[in-house]
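Enquirer: Please read through the structure below; I'll follow up with questions.
The values are calculated or read from the model by the stated rules, or taken from the named source; none is laboratory data. From a predicted model like this one, the values you see are computed outputs, not experimental measurements. Cβ atoms come from the backbone with ideal geometry, glycine included; neighbour counts cover every protein chain shown. Side chains included, ligands, DNA and RNA excluded: accessible areas come from the protein's heavy atoms. Shrake-Rupley method; radii C 1.70, N 1.55, O 1.52, S 1.80 Å.
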There are 2 protein chains.
Amino acid sequence: MAIVVQKFGGSSVANPERIQRVARRVVETKAAGNQVVVIVSAMGDSTDDLIDLARQITDKPKAREMDMLLATGEQVSIALLAMAIDKLGHSVLSLTGPQVGILTEHVHGKAKILDVNPERLRLELDAGNIVIVAGFQGATETGEITTLGRGGSDTTAVAVAAALKADVCEIFTDVDGVYTTDPRVVSNARKLNRITYDEMLELASLGAQVLHPRSVEVGKEYNVPIHVRSSFNYNPGTIVQEVVDEVEKDMMVRGVAYDLNVAKIGLFDVPDKPGVARTLFKALAERRVNVDMIIQSAMRDDKNDIAFTVGKDDLELAVEVVKEVNEAIGAGGLTYDADLAKVSIVGAGMVSRPGVAAMMFEALADEGINIDMIATSEIKVSCVVSASEAKRAVQAIHKAFELEGDVAANDEGFKAG
Amino acid sequence: MAIVVQKFGGSSVANPERIQRVARRVVETKAAGNQVVVIVSAMGDSTDDLIDLARQITDKPKAREMDMLLATGEQVSIALLAMAIDKLGHSVLSLTGPQVGILTEHVHGKAKILDVNPERLRLELDAGNIVIVAGFQGATETGEITTLGRGGSDTTAVAVAAALKADVCEIFTDVDGVYTTDPRVVSNARKLNRITYDEMLELASLGAQVLHPRSVEVGKEYNVPIHVRSSFNYNPGTIVQEVVDEVEKDMMVRGVAYDLNVAKIGLFDVPDKPGVARTLFKALAERRVNVDMIIQSAMRDDKNDIAFTVGKDDLELAVEVVKEVNEAIGAGGLTYDADLAKVSIVGAGMVSRPGVAAMMFEALADEGINIDMIATSEIKVSCVVSASEAKRAVQAIHKAFELEGDVAANDEGFKAG
């Protein structure tokens, strides 16, 4: 009997009607002869509503109490989904993250999953139950309730699939799969049938909000096939796995991603001594600021400028830290900009093709878009541009790499997972 | 250092503003040199909102999933109250029922508390923290989330106070204390300064919705002084304890209670054989129907009629059970009535005064109110009447026993707890 893990996001369970629709889909999978574990997020905007409530109390809620508060959102969804499945006549029970045994590090607001205990899940599956698990949450070794940060339910799903050695982890979303870029920005963006973990990781990290990056990492680590598909239809979606089709592999650039959640901080006239960068980024790491791109440029012999990007949410904290570091190391001051975006191309085939980056820069130059920062890896090139120019940048790049296509043609020969 | 346990109900934490007011009151108690544990209910109508949500999914939600759902209500309040207290600069943390170690029996919807582990609470109090505990909820030995039923937060508060050997358990409510009857029904009802556990138990069981009966039982068992007081002012309330003042003890009848949640079921022509009543009430107990009053009358030599009352919520289930029993024992059929009320007088002094019951019946007769059932104990007399006549019955009885008074006079010589 195959084990299928299914994850439904907040919009799929936004109201009782949608919850009943999810219930029917889950029951179909069970009736097809699978053991089914379902991970759900909080209903629609309920997490935002809870955050609003907290903000009415205080501007700076403690992260521990925020986790206590937000964890209730998923607990509501799992109970309601279990009720809906029970009504359809199937054995079912819901479990919170702590009840499943989703062990996380002792960090509030964005804890990492350390381990998932499959024992309780196996017990319930073997007893014939459909098991509904609260996404986004876990508990520390001492029983403190933690949350994994936005998008954490994806990670819960893949981690649960890994722990159970599930046959597939299906991530249901409101789009048909992973596209060459955001179809809201480029209307004829093309759906990809298969994509590697590394490519997906770059796309996910770069702002394609289909899958949470951490979930792809976990998928890669435990080799969990992830099927990103629509909750509105039965079309095959995109399979994220280690090896892709030969035809698709041939594509130099697989997708164009963009991320509007980019803020840049620059630190001027940093003394050119060993250990300065370590001091800065260690201080940021200790305050748990996620730094993305880092650029250091030697302007003169004895002084450097260092620039880096963070998510907008982290900007205030990052500025605070950088001010302290500026004092401590005797740098020349700082600057920051919150109205930026990152546009990136991703593709495993890129490494063997020279001139890919140049094509991207040319596409931007032709549109008169200025590039603020550049970063490259083996399978991606990212450019930071002004937020107001991001959409135009994506369209230009998508066109330059001839990624347009039509989904139907692309689906030929693809078998449903 | 005294340990004070404070309980605030749903209306006291109905919105962020009220939560901040509760936070100030808690902080005052802490600043006065006490160790403070606070038990809170779910915000305002949030429990009803959750129930509505469940009803949109199914008419018969499973009790286990209902507990999973409802437990979120208190978890939201504790997080928000902890945030509000943190904002006032005091060390604080919130704990769910399972986190505290509130162990309950494995029954969903109305579980009894079996034990409260004081270890974690002591640790946090000794570390200087104010501790906020979710009322109404606990966990079984296997970690299943349970709820204690409506009003269960009172029980959580008294059980926590008992486990900590607290100096007082303060139950904050929207009235100044326990009155001779509901002031909404009799405007010049009088506040009682002190009352015994037994009297309070009868009043609580009889529908004076100030304290949950189970909480009074726990208070009596562990001799926890319970101070019922207003969350809107600093007036002394009513102390529930073992011995009351001499003056008040002299009062034959302490209060008049009423309960509109009364349904009656009658079973006709029950064969007059040993074990028949046992069969009926065992079947009801097994389905966890709470039976209140029971009356059996021998009408003829070989057949009896049995009548009993239950809460309206239990009526449907009780009728189902009685139908089965009717078949099994060959009785003559059943009848039921959901539009009833119970009106009762309570007083420890009653036992030594003859004619008290007669005075009550006379008061009702003078008003032309028909009595459907009568039940008496050492410290109470209860009459079931038509629901539409309940209010008039309470007014007549309150007057007949001359319970009217003025709160100010009654407070003379009373010292704040």
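Enquirer: B:L315: accessible area at probe 1.4 Å, nearest 10 Å²?
Expert: B:L315 exposes around 20 Å² with every protein chain in place.
Enquirer: Let me ask something additional. Each residue of the range A:88-100 in order: what ³J(HN,Hα) in whole Hz does its phi give by Karplus 6.51 cos²θ - 1.76 cosθ + 1.60, θ = phi - 60°, with x for Gly and Pro?
Expert: So the J values, rounded to whole Hz, are 7, x, 10, 5, 7, 8, 9, 9, 6, x, x, 5, 5.
Enquirer: Still on this model: Which distances, shortest first and in nm, link B:T142 to the matching position in the other copies, using label points set 7 Å out along Cα to C-beta?
Expert: Sorted ascending, the copy-to-copy spacings read 3.0 nm.
Enquirer: Roughly how many debye, to the nearest 20, is the charge dipole of the protein assembly as shown about its Cα centre, given +1 on each Lys and Arg Cβ, -1 on each Asp and Glu Cβ, and no other charges? Working shown, then result.
Expert: Details: 86 positive and 122 negative charges, 75 e Å.
Result for the protein assembly as shown is approximately 360 debye, rounded to the nearest 20.
Enquirer: Next question. Can you tell me the 0 to 90 degree angle between the C-alpha axis of helix B:276-286 and the longest principal axis of chain B, rounded to 10?
Expert: It is inclined by approximately 30 degrees.
Enquirer: Kindly report, to the nearest 10 Å², the accessible surface of A:K399 as traced by a 1.4 Å probe over protein heavy atoms only.
Expert: About 140 Å², rounded to the nearest 10.
Enquirer: Something else about it: Of the heavy-atom accessible surface of the protein assembly as shown (probe 1.4 angstrom), what whole percent is carbon and sulfur? Show your work: numbers first, answer last.
Expert: Values: 16930 of 35130 Å².
On the protein assembly as shown, the fraction of accessible area on carbon and sulfur atoms equals 48 percent.
Enquirer: Still on this structure, please answer the following. What figure, in Å² to the nearest 10, do you get for the accessible area of B:R150 with a 1.4 Å probe and non-protein molecules left out?
Expert: Its accessible surface works out to 140 Å², give or take rounding.
Enquirer: Residue by residue through B:97-107, how many Cβ atoms from other chains fall within 10 Å of the Cβ on average? Walk me through the numbers before you get to the answer.
Expert: On the way: counts 0, 5, 7, 0, 1, 0, 0, 0, 0, 0, 0.
Across the residues of B:97-107, the mean count of other-chain Cβ atoms within 10 Å is 1.
Enquirer: Sort largest first and round to whole Å: the equivalent ellipsoid semi-axes of the protein assembly as shown, each the square root of five times a Cα gyration tensor eigenvalue. Write out the running numbers ahead of the final one.
Expert: Details: eigenvalues 783, 229, 76 Å².
Semi-axis lengths for the protein assembly as shown are 63, 34, 19 Å.
Enquirer: Cα gyration tensor of the range B:257-400, axes a ≥ b ≥ c as square roots of the eigenvalues: rounded (a/c below 1.5), prolate (a/b > b/c) or oblate? Intermediate results must be reported in sequence, preceding the final value.
Expert: Numbers: a/c = 2.12, a/b = 1.79, b/c = 1.19.
Prolate shape, in that a/c is at least 1.5 and a/b is the bigger ratio.
Enquirer: Now for a separate question. Rounding to the nearest 10 and keeping the result within 0 to 90°, find how far the Cα-based axis of helix B:46-57 lies from the longest principal axis of chain B.
Expert: 60
Enquirer: While we're on this one: Report, for A:D269, each distance to the same residue's label point in the other copies, shortest first and in nm; define the point 7 Å along Cα→Cβ.
Expert: Here A:D269 shows inter-copy label distances of 10.6 nm.
Enquirer: Turning to a different aspect of this structure: Is the range A:3-249 best put as rounded, prolate or oblate by its Cα gyration tensor, with a ≥ b ≥ c the root eigenvalues, rounded for a/c under 1.5, and otherwise prolate when a/b is larger than b/c, oblate when not? Please list the in-between numbers first.
Expert: Numbers: a/c = 1.40, a/b = 1.18, b/c = 1.19.
Rounded.
Enquirer: With an 8 Å cut-off on Cα pairs and a minimum separation of 6 or more residues, tell me the relative contact order of chain A in percent.
Expert: Numbers: 916 pairs, mean separation 57.1, N = 417.
Once normalised by length, the contact order is 14 percent.
Enquirer: If you don't mind, another one. Near the axis that takes chain B to chain A, which B residue has its beta carbon closest, and at how many Å?
Expert: B:T72, 2
Enquirer: In addition: Specify whether the C-alpha gyration tensor of the range A:117-202 places it in the rounded, prolate or oblate class, a ≥ b ≥ c being the square roots of the eigenvalues: rounded for a/c under 1.5, otherwise prolate if a/b is larger than b/c and oblate if not. Walk me through the numbers before you get to the answer.
Expert: Numbers: a/c = 2.62, a/b = 1.82, b/c = 1.43.
Cα axes put the range A:117-202 in the prolate bin.
Enquirer: Rounded to the nearest 500, what is the protein assembly as shown's calculated 222 nm mean residue ellipticity when only DSSP H runs of at least 4 contribute -39500 (n - 2.57) each, over all residues?
Expert: Details: 28 runs with 310 residues, N = 834.
When only DSSP H runs of four or more count, the value is -11500 deg cm²/dmol.
Enquirer: Each residue of the range B:388-394 in order: what ³J(HN,Hα) in whole Hz does its phi give by Karplus 6.51 cos²θ - 1.76 cosθ + 1.60, θ = phi - 60°, with x for Gly and Pro?
Expert: 3J(HN,Hα) across the range B:388-394, in whole Hz: 5, 9, 4, 4, 5, 5, 4.
Enquirer: In square angstrom and rounded to 100, what buried accessible area do you get between chains A and B, total over both, with the probe at 1.4 Å? Before the final figure, lay out the partial values.
Expert: Values: alone 19160 and 19200 Å², together 35130 Å².
Accessible area lost upon association: around 3200 Å².
Enquirer: Give me a comma-separated list of calculated 3J(HN,Hα) values for the range A:254-264, in order, Karplus coefficients 6.51, -1.76, 1.60 applied at θ = phi - 60°, integers in Hz, x for any Gly or Pro.
Expert: Ordered by residue, 3J(HN,Hα) equals 8, x, 10, 10, 9, 9, 8, 8, 10, 10, 10 Hz.
Enquirer: Give the average, rounded to an integer, of partner chain Cβ atoms located within 10 angstrom of each Cβ in B:6-16.
Expert: 1
Enquirer: Which residue fluctuates most in the GNM of chain B (Cα springs below 10 Å): B:F172, B:F136, B:F232?
Expert: B:F232
Enquirer: Here is a further query. Going 7 Å from Cα along the Cα-Cβ axis for the label, what nanometre distances separate A:G89 from the same residue across the other copies?
Expert: Distances to the matching label points in the other copies: 6.5 nm.
Enquirer: Calculate the mean, over all residues of peptide A:66-79, of how many other protein chain Cβ atoms lie within 10 angstrom of the residue's Cβ.
Expert: Working: counts 2, 1, 14, 10, 3, 5, 9, 2, 1, 7, 10, 1, 3, 16.
Average neighbour count from other chains, rounded to a whole number: 6.
Enquirer: A:I130's amide H: which non-local residues (gap 5+, or another chain) put their own amide H closer than 5 Å, with H modeled 1.01 Å from N in plane and none for Pro or chain starts?
Expert: Under 5 Å from the amide H of A:I130: A:S91, A:V92, A:L93.
Enquirer: Relative to the first principal axis of the alpha-carbon coordinates of chain B, what is the inclination of helix B:16-31, with its axis defined by its Cα atoms, in degrees from 0 to 90 and to the nearest 10?
Expert: For B:16-31 against chain B, the angle is about 70 degrees.
Enquirer: If you don't mind, there's one more thing I want to ask. Rule-of-thumb check for chain A: C-alpha Rg over 2.2 N^0.38 Å?
Expert: Numbers: Rg = 22.5 Å, N = 417, 2.2 N^0.38 = 21.8 Å.
Cα-based Rg divided by the globular estimate yields 1.03.
Enquirer: If amide H atoms are built 1.01 Å from N in the plane of the peptide, which residues on other chains or at least 5 residues away come under 5 Å of the amide H of A:S230?
Expert: Under 5 Å from the amide H of A:S230 lie the amide H atoms of A:T173, each far enough along the sequence or on another chain.
Enquirer: Nothing charged except the Cβ atoms of Lys and Arg (+1) and of Asp and Glu (-1): what's the magnitude of the dipole of chain B about its Cα centre? Round to the nearest 20 debye. Mind showing how you got there, number by number?
Expert: Details: 43 positive and 61 negative charges, 146 e Å.
Approximately 700 debye in magnitude.
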